[in-house]
Each structure stands twice: as C-alpha cells, then as structure tokens.
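What follows is a short report on a single structure.
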Amino acid sequence: MDQSCSNSVNGFYSFLNRSMEDLERVYISNNFMSLQFLQRVICLLRTSHSHLTLLVQKLNLPVGDKWLDDYMDETSKLWDVCHVIKSAISTIESFCSSAISITSTLDGHYHHRRLLSPQISRQVIRAISGCRREAVGIEEENRALMENRIQRFPFWSEQVTTTGMESSKIQNGFSGFRGVMNTMKNINSLLLVILMQGLVYYIPGDTTVPTGTMMRLKQRVAAEMERIGVRKGMMMYEYRRSKTAMEELKVELERRCCGGGGEEEAVEKGLRERIENLKGSVGSLRNGTESIVAQIDDFFDDIVDGRKMLLDYCSHR
C-alpha cells in the first residue's frame, strides 16, 4: 500500500482521483459489467477503506468526537450491503452446477465417440429448460432482495453534496475529515450501486447522484445500459453470456432433433462449438463469482480490523 496516500487529506484525495480514473479505464477496456471490472470495484472499496483508516490516525482527531460515529456508520453500511451482495452471488452456484452437468452429459457421449440420439438430445433440452427456470428463480430472488432490503438502506436515496476532491482549500484536522467522509460516502454509494446492478439486480431508475470525477463513470454505465437495451435483471456479463450460450445450445439441439441444419458433419461441428462455448462461459462465471465472494470475505476482515484499530487508537490517547 502506498503510505503517502494516507499521510494527508490532499494525498488521500489524489489517491481517490487516480483510483476512479483507473477504474474508468478498466471499465472501458472490458465487456460491460464484466467480473474483472466488478472485482476492481470491490478492490477500490477495500483500498479506500484501508487508506481512510490510516488517514484518521494521521489527523490527530479528538477522541470520542463525531468522526468516529461517522466512520462506524459508514462501515456498517458497507458491511450490511456487502452481505446482501454475497447472498445474491451465492445463488449463482446452483445455476453453474446445472449448466456444468449438462455439458458433462454431452461430453460423455462424445468421449465414447457416440453420436447423440434424439432421446438424449431431448433429455438435454429438458435439462436446459430446467436450468433456465432456475435462472428465472435466481433473478426473482435477487429482485426481492433489491426491493425489500437494498432499497431501504438510507444511502439509496441520499445525496451528499460536499465533495472534498473539488474543494480549492483542503485542510487537515476535523474539518478536513468531514470532507473526506462526505467524499467517501459518495464514492462508496456509487460503487455499491454498480456492484448491485452487476451482481444482484438492476431496476431502471436505481441510482445516486454523484458529482465530480465520479460522474463520468456513472454516465458511461447508464449510456451502455441504454445502448444494449437493458431493462432489468442481473447485469453481470459472464452471467448474461452463459444464458445466451445455453440458449444457443438448445437451439442447436432442437435443430438436430428435427433433422435440420444441413449435413451431419456440419451439424456435429456446430453442436460441439456450442458445448465448448457454454463450458467456457460457465467456467468464467463460476471462477469469477468465487473470486468476488473471497474478496468480500476479505473486506469483512478489513472492516473488523479497521474498527478495532481505531477503537484501540482512541483508547490509548
């Protein structure tokens, strides 16, 4: 960790500006709402929290003042929302397992150099239909999480207007820390909304109103949603790609059952390609979501350690 970012309010704001610019570059260079981008979002939540915790100890803030309550409230928000996000991600595992079972069935036949019989094809088609219903159930559960839990968090509708990064006069001490906390609330709210749209559920109109360097990223995300015609649902690229790959495999199997699609060799080649596409998509989805769950667990540890560090810091002053 670059300690200079945590030595002064100016250094902290510089770190936040650079981090938001880096995040925007990752967003541009990857598929929309890719797991790689979402992992970087969580990484920024973690690193900014760590820098904030260290900065507090450099500012010589008064013990028992409101700054500690602000910090505790903000980390409580991060803790609660990330728990909901983790809960939503965990439901994807059943979808991945069902999809992998489908590809394993097909691989087993090709491994023994047997062509798929119409009976096996229909069996796999039914399994795909079941997996699609499972995906619908997952999204319904996630929609309920958004409507019943996430949208009740205060940050969902609040707007913090003080943005320290745009201030021409930045001070250390408590007045400087107030600006830091307001900026962090804005950034955390934006990052959490992005994570929820990608990993939980997107409902049109769900947004906060960030200012300054955060606005570009927010506008890019909104513009891309409009471009691809997204209306609602889980925005994660690898999840959407897996569902598309599964639908393409189903279409290929149905064509095969009906005896259409041209010569047998070409049909078999197309089918194998669809199977490999689904395997690759689901593999990326499973690996990426497992990595995000691990990052969230590490973030929980960071929050526990940060709270303990500041409580110890106050008790020894």
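Excluding residues fewer than 8 places away in the same chain, name every one of the lysines whose C-alpha is closer than 16 Å to that of Lys218.
Lys185
Neighbour counts of other C-beta atoms within 10 Å: give me Met309, Met234 arranged from fewest to most.
Met309, Met234
Can you tell me how much longer the chain between Ser76 and Gln119 gets when fully stretched, taken as 0.36 nm per residue apart minus their C-alpha distance, in nm with one decimal?
This chain segment gains 10.1 nm when fully extended.
If the cut-off is a Cα-Cα distance under 16 Å, which lysines reach Lys279, setting aside same-chain residues fewer than 8 apart in sequence?
Lys243, Lys250, Lys269
Using only Cα atoms, what is the ratio of the radius of gyration of region 271-311 to 2.2 N^0.38 Å?
Taking N as the residue count of region 271-311, the ratio is 1.98.
Near Lys86, which aspartates and glutamates are there with a Cα under 19 Å away, not counting those fewer than 8 places off in the same chain?
The qualifying aspartates and glutamates are Glu74, Glu134, Glu139, Glu140, Glu141, Glu147, Glu238, Glu290, Asp297, Asp298, Asp301, Asp302.
Once the piece of chain linking Ala144 and Ser29 is laid out straight, how much longer is it, given 0.36 nm per residue of separation minus the C-alpha distance between them? Provide the component values of the computation, followed by the final result.
Values: separation 115, 0.36 × 115 = 41.40 nm, distance 3.20 nm.
Full extension of this stretch gives 38.2 nm more.
Need the full-extension length gain, Ser87 to Asn7, defined as separation in residues times 0.36 nm minus the C-alpha distance. One decimal, nm.
Gain in length upon complete extension: 25.2 nm.
Bear in mind that the values in this text are calculations on the coordinates, not laboratory data. The structure displayed is predicted, hence computed values, not measured ones. Cβ sites come from the backbone with ideal geometry, for glycine too, and all protein chains shown count toward neighbours.
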